[in-house]
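Okay, so here's the structure we're looking at.
The values are calculated or read from the model by the stated rules, or taken from the named source; none is laboratory data. Keep in mind that this is a model prediction, so the values were computed, not measured. Cβ atoms come from the backbone with ideal geometry, glycine included; neighbour counts cover every protein chain shown. Ligands, DNA and RNA are excluded from the accessible area calculation, which covers all protein heavy atoms including side chains. Shrake-Rupley method; radii C 1.70, N 1.55, O 1.52, S 1.80 Å.
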Amino acid sequence: MVASIPNDIFQFGTISAVAAGFSQGQPRTCDLASHGTDGIGQYEDGSLMILNNGEAYALSSDNKASRASIDARLPFAMVTIFRPTFRMEVPSLDMESLDDLFSSPKLAHARAVNTLAPFKIVGMFKSVEFTDGGEQGNLKGIVFGYAVPTWMKGICGPRIHAHFLADSGEVGGRIVNFETDVATLSFAKTGRFHLGFSQSQDWEDVRL
């Protein structure tokens, strides 16, 4: 088994396969800790997953969060031992400005254009917009996700692929936008990326 190195990403499945209807999971929630402290994913029943400091939550389609079953399986998961090498206080941040920041030459060697970058935002969120169209505001919580290079879109997801979890542990989901009040952004650049596939016949039948 490949040793887990901080900020390396271990991924099972691809986002394009999930979009094509592949829903057969292999790793279980309890398996994630072997390769990561933080991450995002999707369960066989369609609910989403966020792993925050070793604790996994299932996120329903109506943006409710609950502790995930340890035996639930995931057809898609991206996890990492998150050890940020860059940290900054940001007075305000949203999806567009986060993308601009990762792409900015001002970051010099920290810029993440063609490299995956796991990140975490911690603070007070004025608003959080979810993929299902729901929106909530004035929530204290975290956003964890990845800045994804364009060339990896079909493998890992959109440029900013991230999930939200409220500090209460009761609200969460995949986000399409957000706005922070005062928050801390921490991130790192990934040195190695490991991708696993299902060994089932169903995987071979997926049209990608």
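Structural descriptor for the chain: relative contact order 29 percent, calculated from alpha carbon pairs under 8 angstrom and at least 6 residues apart. For region 168-208, with all protein chains in place and a probe radius of 1.4 Å, 42% of the accessible heavy-atom surface sits on carbon or sulfur.
Would region 121-205 count as rounded, prolate or oblate if I go by the C-alpha gyration tensor, calling it rounded below 1.5 in a/c and otherwise prolate when a/b exceeds b/c, oblate otherwise? Note, shape of region 121-205 comes out prolate. Within the full protein context, the accessible area of MET152 is estimated at about 10 Å² for a probe radius of 1.4 Å. At 222 nm, what helix-only mean residue ellipticity would the chain give, in deg cm²/dmol to the nearest 500, using -39500 (n - 2.57) for each DSSP H run of four or more? Roughly -2500 deg cm²/dmol at 222 nm, from the helical runs in the chain.
Summarising the label geometry, the points placed 7 Å from Cα in the beta-carbon direction at SER34 and HIS194 lie 0.9 nm from one another. Proximity of backbone amide H atoms, modeled 1.01 Å from N, is registered between VAL171 and ALA65, ALA166 at under 5 Å, excluding neighbours fewer than 5 places apart on the same chain. Each residue, SER60 and ALA108, gets one label point 7 Å from its Cα in the Cβ direction; the gap between the two is 4.9 nm. Taking Cα centre as origin and charging only the Cβ of basic (Lys, Arg, +1) and acidic (Asp, Glu, -1) residues, the dipole magnitude of region 1-87 rounds to 180 debye. Summing charges over all other residues whose Cβ lies under 14 Å from the Cβ of VAL90, with Lys and Arg as +1 and Asp and Glu as -1, gives -3.
The string of couplings for region 129-144 from the Karplus curve (6.51, -1.76, 1.60, θ = phi - 60°) is 9, 9, 5, 7, x, x, 9, 9, x, 6, 10, 8, x, 9, 10, 10 Hz, one whole number per residue in order, with x for Gly and Pro.
The label point for SER168 and the one for ARG87, both projected 7 Å from the Cα toward the Cβ, are 2.8 nm apart. Listed values for region 157-172 are Karplus-derived 3J(HN,Hα) couplings in whole Hz (6.51 cos²θ - 1.76 cosθ + 1.60, θ = phi - 60°), namely x, x, 3, 10, 10, 8, 10, 10, 9, 6, 4, 5, x, 10, 10, x, and x replaces Gly and Pro. For region 74-193, relative contact order (Cα pairs under 8 Å, six or more residues apart, normalised by length) works out to 37 percent. For region 12-98, the solvent-accessible area works out to 45 Å² per residue, with a probe of 1.4 Å and every protein chain left in place. Computed in the context of the full set of protein chains, the accessible area of region 1-132 at 1.4 Å probe radius has 51% of its extent on carbon or sulfur.
Taking a ≥ b ≥ c as the square roots of the eigenvalues of the Cα gyration tensor, region 133-173 is classed as prolate, since a/c reaches at least 1.5 and a/b is larger than b/c.
Just how many pairs of Lys in the chain have C-alpha atoms closer than 23 Å, counting pairs that are eight or more places apart or on different chains? Taking the Cα cut-off of 23 Å, the pair count is 10. Shape class for region 61-208, computed from the alpha carbon gyration tensor (a ≥ b ≥ c): oblate, with a/c not under 1.5 and a/b at or below b/c. Which residues among region 150-175 fall inside the zone where the amide N is under 18 Å from a point 7 Å beyond the Cα of ASP45, along Cα→Cβ? The answer is 170-174.
For THR180, the shell of other residues with beta-carbons less than 9 Å away shows a net charge of -2, using +1 for Lys and Arg and -1 for Asp and Glu.
Available extension along the chain between TRP151 and ASP202 is 15.8 nm, counting 0.36 nm per residue and deducting the alpha carbon span. Close amide H contacts of ARG73 (hydrogens built in the peptide plane, cut-off under 5 Å, sequence separation of 5 or more or a different chain): GLU44.
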